[in-house]
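Here the structure comes first, spelled out in structure tokens, and everything after it is commentary.
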């Protein structure tokens, strides 16, 4: 994922969460990407699409945004306001 797309994604995510009372949101991140890794030009190393989202949400915890993450969907998604899944940076299929 190129840097501009990451910036746009992060800005949209922040705008969504900060539009209302941030502590009211509960987020579930479904780890369902295909494991493709992309270089992180800002922090170095490489990460998957889901790891990028989780890193952003971890940074937002200071604003009271609670989130959970798992490779399997919970039985009851009604406890969450937002459910996110990443399909990866590139789907070769």
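The values are calculated or read from the model by the stated rules, or taken from the named source; none is laboratory data. Since the model is a prediction, treat every value here as computed from it, not as a measurement. Every residue, glycine among them, receives a Cβ derived from its backbone with ideal geometry; neighbour counts consider all protein chains shown.
Before moving on, here are some points about what is shown:
- Residue count for the stretch 60-86, restricted to those that are part of a loop (DSSP other than H, G, I, E, B), modelled with pLDDT of 85 or more and either closer than 15 Å to residue 10 by Cα or touching a helix residue (DSSP H, G or I) at 6+ places or on another chain (Cβ under 8 Å) (or both): 1
- Restricting attention to the stretch 33-63, the residues that are out of contact with any strand residue (DSSP E or B) (no Cβ under 7 Å at 6 or more places or on another chain) and touching a residue at least 40 places away in the same chain (Cβ under 8 Å) add up to 10.
- Selection count, the stretch 10-59, where residues are at pLDDT below 70, surrounded by 14 or more Cβ atoms within 10 Å (Cβ to Cβ) and either assigned to a loop (DSSP other than H, G, I, E, B) or out of contact with any helix residue (DSSP H, G or I) (no Cβ under 7 Å at 6 or more places or on another chain) (or both): 1
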